[in-house]
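Undergrad: Sharing a structure here in structure tokens format.
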């Protein structure tokens, strides 16, 4: 890490660069993305190549030992962080990383439990889904090419560091699903009740767009339709579930079946 005497000062060019990373075109042009906040930065350090780090003196006092040798560190006051961040509350630290190489397709998609996303558009939803996948033991998510960029700052923030452990593979989703090494599940309003369905430990679970659900091309590759029913049946209720919430419910049902055949230590955590 640079010494305080050698540390560069925040410049207009630095501000423009960091703020440009809020846009997918800016990220692709620079080859960079940003992670904001103590938890997110701590979990992603070491998982991606660090380009630069912006932090308050208070954060550097307690976090400098985490940084790789030679890291470019720019001490920034609270006012400076407000100029850089996309968050409503200024974080103490922001890391700028090099975008990794595009993730490659797994050799046998569906040979274990996997998640696939068809045209999910909200970065907060995608980030929450990545975080849920991490909790549920999934390390790969397949995504249609028109799914929102997983390196969007809001998405990165919503993952709470899970982006370091879960890769998102953008692909021709209908083509990949037709070649899956296991069943392909989709959630629909006319599917089998997920709470009573027999669910295997392998296959691909497809979740669809926030407003339109799973598209027809992807639906053609689905081999089993599942329903998350409201309770009690027939009671007036919301029209639909948020896609991130529905993903958590669906994955929990697959994992619940796994608990009947595998002994796994109990884990409790929430925020």
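Undergrad: Among 203, 70, 137, whose mean-square fluctuation peaks in a Gaussian network model of the chain (Cα, cutoff 10 Å)?
TA: 70
Undergrad: Between residue 79 and residue 61, what is 0.36 nm times their sequence separation minus the Cα-Cα distance? Round to one decimal in nm.
TA: On the way: separation 18, 0.36 × 18 = 6.48 nm, distance 1.86 nm.
Going from the current span to full extension adds 4.6 nm.
Undergrad: Given the options 125, 209, 152, which has the most mean-square fluctuation in a GNM of the chain, springs set between C-alpha atoms less than 10 angstrom apart?
TA: Answer for the Gaussian network model of the chain: 209.
Undergrad: Roughly what % antiparallel, to the nearest 5, for the DSSP beta bridges in region 113-259? Can you show the working numbers first?
TA: Details: 1 of 22 bridges.
The antiparallel fraction comes to roughly 5 percent.
Undergrad: Right, here's the next one. In nm, to one decimal, how far is the residue 28 label point from the residue 71 one, both placed 7 Å along Cα→Cβ?
TA: 3.0 nm
Undergrad: Just from the alpha-carbon atoms, what are the Rg and Dmax of the chain in angstroms?
TA: In Å, with Rg to one decimal and Dmax whole: 20.7, 69.
Undergrad: Quote the FRET efficiency, to the nearest 0.05, computed for residue 257 versus residue 87 with a Förster distance R0 of 35 Å and r equal to the Cβ-Cβ distance.
TA: That gives a FRET efficiency of 0.35.
Undergrad: How much length is gained if the chain between residue 242 and residue 210 is pulled fully straight, taking 0.36 nm per residue apart and subtracting their Cα-Cα distance, in nm to one decimal? It would help to have the intermediate numbers written out before the result.
TA: Numbers: separation 32, 0.36 × 32 = 11.52 nm, distance 0.69 nm.
Full extension from residue 242 to residue 210 adds 10.8 nm.
Undergrad: While we're looking at this one, here's another question. Helix-only estimate, please: 222 nm mean residue ellipticity of the chain, summing -39500 (n - 2.57) across DSSP H runs of length 4 or more and dividing by its residues, to the nearest 500. Please report the intermediate quantities before stating the final value.
TA: Values: 10 runs with 84 residues, N = 271.
Value at 222 nm, helices only: -8500 deg cm²/dmol.
Undergrad: Here is a further query. Could you tell me the distance between the Cα centroids of region 105-149 and region 12-84, to the nearest Å?
TA: 25 Å
Undergrad: On to the next question. Please list 227-234, 86-93 highest first by mean number of surrounding beta-carbon atoms within 10 Å per residue. All intermediate terms of the calculation are to be shown ahead of the outcome.
TA: On the way: 227-234: 11.0, 86-93: 16.4.
Ranked from most to least packed, the peptides come out as 86-93, 227-234.
Undergrad: If you average over every viewing direction, what projected area does the convex hull of the Cα atoms of region 188-263 give, in nm²? Before the final figure, lay out the partial values.
TA: Values: hull surface 22.9 nm².
Taking the Cα atoms of region 188-263, their convex hull projects to 5.7 nm² on average.
Undergrad: From zero outward in steps of 10 Å, how is the percent of C-alpha pairs of region 113-259 spread across the bins?
TA: Going out from 0 Å in 10 Å bins, region 113-259 shows 12, 45, 36, 8, 0 percent.
Undergrad: Show me the ranking of peptides 165-172, 193-200, 109-116, 235-242 by mean Cβ neighbours inside 10 Å, starting with the highest. Walk me through the intermediate numbers first.
TA: Working: 165-172: 18.2, 193-200: 13.8, 109-116: 22.0, 235-242: 9.8.
Final packing ranking: 109-116, 165-172, 193-200, 235-242.
Undergrad: Grab the beta carbon distance between residue 16 and residue 178, set R0 = 45 Å, and tell me the FRET efficiency rounded to 0.05.
TA: Working: r = 44 Å, r/R0 = 0.99.
Working from the Cβ atoms, E equals 0.50.
Undergrad: Here is a further query. Based on DSSP, what percent of beta bridges with both residues in region 12-98 are antiparallel, to the nearest 5? Walk me through the numbers before you get to the answer.
TA: Numbers: 10 of 14 bridges.
Roughly 70 percent of the DSSP beta bridges within region 12-98 come out antiparallel.
Undergrad: What is the antiparallel percent of DSSP beta bridges lying wholly in the chain, to the nearest 5? Spell out each step's value before the answer.
TA: On the way: 11 of 36 bridges.
Here the share of antiparallel DSSP bridges comes out near 30 percent.
Undergrad: Separate question: Hey, what's the Cα Rg ratio for region 1-118 versus the globular rule of thumb, 2.2 N^0.38 Å? Mind showing how you got there, number by number?
TA: Values: Rg = 16.2 Å, N = 118, 2.2 N^0.38 = 13.5 Å.
Relative to the rule-of-thumb radius for its length, region 1-118 sits at 1.20.
Undergrad: Using all alpha carbons of region 159-229, what is the percent of pairwise distances in each 10 Å bin, ordered from the shortest bin to the longest?
TA: 18, 45, 33, 4
Undergrad: What percent do you get for the relative contact order of the chain when only Cα pairs under 8 Å and 6+ apart count?
TA: Values: 503 pairs, mean separation 50.5, N = 271.
After rounding, I find 19 percent.
Throughout, read-outs are computed from the coordinates displayed, never taken from laboratory work. The structure presented is a predicted model; accordingly, all values stated were derived computationally and were not measured. Positions of Cβ are generated from backbone atoms using ideal geometry, with glycine treated the same way; all protein chains shown enter the neighbour counts.
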